[in-house]
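Read through the structure below, which is laid out as structure tokens, and then see the notes.
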Amino acid sequence: MSRYKTIYTEVEVEVDLSDFDTDDLVEELESRGSGIIIGTGHETLLEKIYLLRRVGRDYQRELDELIYAGLGRIV
């Protein structure tokens, strides 16, 4: 019989994203396989899609471009 015991405990901690450095957040997103990370140039496409959608214009081509840029796949 082992003389050591393993004890697990659960703790709730409140954090704010502003507590984290942008580089840390980008690194975490990359480790999770996120395809769109701010600072990669994709935000320009997102802004364009947003503006087109906001005025009710077609943004399908830009959306396809963003999907391809983020995932490397054509829809």
* To do: Among the numbered conditions (1) modelled with pLDDT under 90; (2) of a type outside the set (V, I, T); (3) in contact with a helix residue (DSSP H, G or I) (Cβ under 7 Å, 6 or more places away or on another chain), tell me where D21 comes up short.
  => (3)
* To do: Please work out if E12 is modelled with pLDDT of 80 or more, surrounded by fewer than 12 Cβ atoms within 10 Å (Cβ to Cβ) and either of a type in the set (G, A, S) or more than 16 Å from E65 (Cα to Cα) (or both).
  => yes
* Could you give me the residue pairs with C-beta distances under 9 Å whose first residue belongs to region 47-75 and is within 23 Å of R32 (Cβ to Cβ), whose second residue is loosely packed, with under 11 Cβ neighbours inside 10 Å and of a type outside the set (V, I, T) wherever it lies, and which are 6+ apart or on separate chains? => I67/R73; A69/G41
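The values are calculated or read from the model by the stated rules, or taken from the named source; none is laboratory data. Remember, predicted model here, so these are calculated numbers, not experimental data. In this analysis, Cβ positions are derived from the backbone assuming ideal geometry, glycine residues included, and neighbour counts consider all displayed protein chains.
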